[in-house]
């Protein structure tokens, strides 16, 4: 009788283990299915590289993201309208929009522009021609895998200096040069350079990339969107009349998700 009870107890124990394992598997399957159906939240930010212009006014009316299975999806914009790109340099940015995207590959971003695009040069406003901006839009590749339930921040770095071209007849045309980067997959460099009267220019470069910044009135600069690696940083003057000596910091290490702070630099006359 005792032997029979032992057999029954062992059988019940094995059945319990089997049932629990099956429940765990079913729960895992349910969780995985929920994760696949759950959407990712995407924040799209606008920032800018410097340009020697008074203003670059871009009329952004719509933002679309492309998913590999559902195609183009329009995300709600914070403020459809005219943005002065030059207000968003040295680490400053603005929120374009926030939207939900299905899990999967985010392959492209598209900006649909309106007609109110212009540049201001030496106090004078000029219309800015934007080829296909209001029809097919300004498209660029992303190729970022989105996971359901996660939140992502992406920055559109609009290089105004290389995007604005003056034609032979005195007109201005937009040929956008835009980089997209994420905080987790890029780093930054920041610091101060003086004096303001030298009109400093900061150039961060290595063998594959070159980015620039014009410090603000306090001498502060910040260069975002740098791929992890080693860079040289040049500090020079934009003035031709005064020969401020260029200074260089070599082998500056940039780490993804971090900001590298550099010692203050003072440009001097020889």
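Nothing in this text is a laboratory measurement; each read-out follows from the coordinates by a stated rule. Because the structure is predicted, anything quoted here is derived from the model rather than measured. We place every Cβ from the backbone using ideal geometry, glycine too, and count neighbours over all the protein chains shown.
Values as computed for the structure displayed
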quantity	calculated
Stretchable slack from residue 69 to residue 167, in nm (0.36 nm times residue separation minus alpha-carbon distance)	31.2 nm
Stretch gain in nm, segment residue 252-residue 95, where the contour uses 0.36 nm per residue and the Cα spacing is subtracted	53.6 nm
Label point at residue 118 placed 7 Å out along Cα→Cβ; residues across the range 60-89 whose backbone nitrogen lies under 12 Å	none
Estimated FRET transfer efficiency when R0 is 41 angstrom, pair residue 242-residue 41 (beta carbons, to 0.05)	0.25
For the range 168-221 and the range 229-270, distance of Cα centres in Å	12
The range 39-184: relative contact order as a whole-number percent, Cα under 8 Å and 6+ apart	31
Calculated FRET efficiency for the pair residue 107/residue 208, C-beta based, R₀ 30 Å, to 0.05	0.85
Pair-distance profile P(r), taking every C-alpha pair of the range 115-252, with 10 angstrom steps and integer %	9, 29, 32, 24, 5, 0
